[in-house]
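In what follows, a single structure is set out as structure tokens and then discussed.
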Amino acid sequence: MTPVGFRRDIKFFLACLVGFLVFIILTLLVLLQSVTERATERTLEQWRFASDVAAAALNRLPENANRSEIESQLIFLRGQYDIATITLLIPGETQLVSGYPVSDPGFSDIQRMTRHGEATLSFDPGEVIAARRTFLYTAGISIAATILGTILLSLYLPRIVRPIEKMLDDASVLGERASGVDEANYLIDTFRKSIQTLKDQEHELKRLHELEKIRADDLQRITATLTRSLTSGFIAIDQHGRVVDMNSAARDILRLNEMRDPAGLTVRDALGESSFSRELQSALDDGVPVSRQEVTQEAGGETVTIGLTTVPLTNEESELLGVIALFADLTPVRQLEARVREMQTLADLGEISAGIAHEFRNSLSTILGYLKLAGREQLPDETQKRLRHAEEEAELLSEAVEGLLSFARPMQMEFRETDLATLVRGILERFEDQHDGMDIVAQLEDSSFDADPILLSRAVENVIRNAIDAVRQKGGGRITITLRSDPGPVLTIADTGVGFEPEAATRLMLPFQSDKPDGMGLGLPLARKIVMLHGGSLQLTGKPGEGATVVIEFPAGFI
């Protein structure tokens, strides 16, 4: 091979290589353009479908629907079908706009006629614009890279095709040619020595590879440690629906601490047939992410509210490899929200009660005054008897008004260390003369914590008095009072009295809702209010003829 022939062959080979690469790049650009256009068309079809569904939903609203109802429907439709803006031109009114402006409204606006007017639905064209921009950038970069590569190749071609005889000069760097050895053998020996050197380097690379493998194993162990240390629940599922990994936080949230290692089990075998396992399986089947989905799960005999987020895992070919799920126990948050709602209800009810009681007390004071003045007059005995009955009824009503004011009045809490067991024993001593025909059993653990002893004593006394009245009304029975302090103070007062219908429990927590013949219905609501002000909760259950149970529970760590 002459130097001239070598240069010609190199040029021909490089020209063919550049032409092949240009052909491949152009083909890929055409395919990318086709994919982009198809994606754009699919997006437009989805927008049109969402517009038809939204228009149908608006048509289902009655013609006399007010503006607030229409606005609520528009907000629901935007969240349901990912609509950026809905503009409804109502005949005879100003236009109704719901949503936020988009970057290119002309491109993504779709008009639909509804019975409430012309609706213009604007979608966020960000993904379509981004896809087109990506294609343009890719095409520009590819073409620029091809041109630049061709220019660089033309500039550096002389260096690539240097005369082959200069290889001998380069070979002299590796070793000096001995006398009597021709150039061909010299080049062959030089290349052999180079190959041997490369083999030695290969062994060295293998040694380094083993070291990197050890480091990779260490990294895997660190990753597993981090997974176990996550405070949120973590579950990894493969494409076949089998559990790959589950951390300890997930076991705690799902109450699966006693379960063996779930790795290799299907989601339903590991977690059982539940709403949580169905959500995980649905996320795997659909291959779409789930963000902050709330799921109710029955776990360990209790209802747990779980906030779930799933992320599908795909490879370079967009093939689904599995799903990872992160979730947290939202039960304390939801319980706190319910508690806030209850406190707000009590506050509203107290405000109303205070206003009513204030008006009643003023009128009752006047009535009692007139009745007392009338009683001083010389009147017939029958009239005097009727006046006394009227005064007694007015005084009873006055007591009810004072009780209502006591329920509605803001309470000033004076916290100090209080032993709940001692407090309960003192209340039982005050009721010793009322134990006839009933058996009272108390099992009390010492539970000292910061509380208002006067208010807390009043709350517990009201509950115990209700239990005694219920047992006496039945003609006898048993009252069991238990107090445990771990994990938090829990006072349970159970009686075998007359009981009540289970659905009446909520009603009995309201003022003036009593099943006792002479009761005013203020004791239990007031007790519940006092317990809630101490950060606790009061639960009432019962059955007709079997008695009732009141559980006063304070949170763990309250002691």
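The values are calculated or read from the model by the stated rules, or taken from the named source; none is laboratory data. Not measured: the values here are computed from a predicted model. Quick reminder, even Gly has a Cβ in these numbers, built from the backbone with ideal geometry, and neighbours come from all protein chains shown. The protein model used for the area step is the full one, side chains on, heavy atoms only, and it has no ligands, DNA or RNA in it. Shrake-Rupley method; radii C 1.70, N 1.55, O 1.52, S 1.80 Å.
Among the residues of region 472-485, those that are within 44 Å of the chain's Cα centre (by Cα) and surrounded by fewer than 17 Cβ atoms within 10 Å (Cβ to Cβ) comprise 482, 484.
Condition test on residue 130, is it assigned to a helix (DSSP H, G or I) and either surrounded by 12 or more Cβ atoms within 10 Å (Cβ to Cβ) or basic (Lys, Arg) (or both)? Lay out the reasoning, then the answer.
Working: assigned to a helix (DSSP H, G or I): yes; either surrounded by 12 or more Cβ atoms within 10 Å (Cβ to Cβ) or basic (Lys, Arg) (or both): no.
So residue 130 does not fit the description; no.
For residue 41, the test of being closer than 30 Å to residue 25 by Cα, in contact with a Ser or Thr (Cβ under 9 Å, 6 or more places away or on another chain) and open to solvent by 40 Å² or more (accessible area, probe 1.4 Å) is failed. Residues that are open to solvent by less than 50 Å² (accessible area, probe 1.4 Å) and free of Cβ contacts under 8 Å to residues at least 40 places away in the same chain within region 16-38 comprise 19, 34, listed in sequence order.
For the condition open to solvent by 80 Å² or more (accessible area, probe 1.4 Å) and modelled with pLDDT under 85, what is the one hit in 67, 78? Give the derivation first.
Values: 78 fails: open to solvent by 80 Å² or more (accessible area, probe 1.4 Å).
Going through 67, 78 in turn, the sole match is 67.
Is it the case, given these coordinates, that residue 294 is of a type in the set (D, E, K, R) and modelled with pLDDT under 80?
Details: of a type in the set (D, E, K, R): yes; modelled with pLDDT under 80: no.
For residue 294, the condition - of a type in the set (D, E, K, R) and modelled with pLDDT under 80 - is not met.
Within region 476-507, being in contact with a Phe, Trp or Tyr (Cβ under 7 Å, 6 or more places away or on another chain) and modelled with pLDDT under 85 holds for one residue alone: 488. Sub-8 Å Cβ pairs linking a first residue in region 307-319 that is within 19 Å of residue 243 (Cα to Cα) to a second residue that is among the aromatic types (Phe, Trp, Tyr) and at pLDDT below 85, at least 6 apart or interchain, are 308/276, ordered by first then second residue. The set of residues from region 454-489 being in contact (Cβ under 8 Å) with a residue 60 or more places away in the chain and under 14 Å from residue 423 (Cα atoms) comprises 455, 456, 458, 459, 460, 462, 463, 483, 489.
Within the set 60, 48, 112, the sole residue that is open to solvent by 80 Å² or more (accessible area, probe 1.4 Å) and in contact (Cβ under 8 Å) with a residue 40 or more places away in the chain turns out to be 48. Only one of the listed residues (452, 469, 515, 446) is open to solvent by less than 20 Å² (accessible area, probe 1.4 Å) and either farther than 14 Å from residue 553 by Cα or modelled with pLDDT of 85 or more (or both). That residue is 452.
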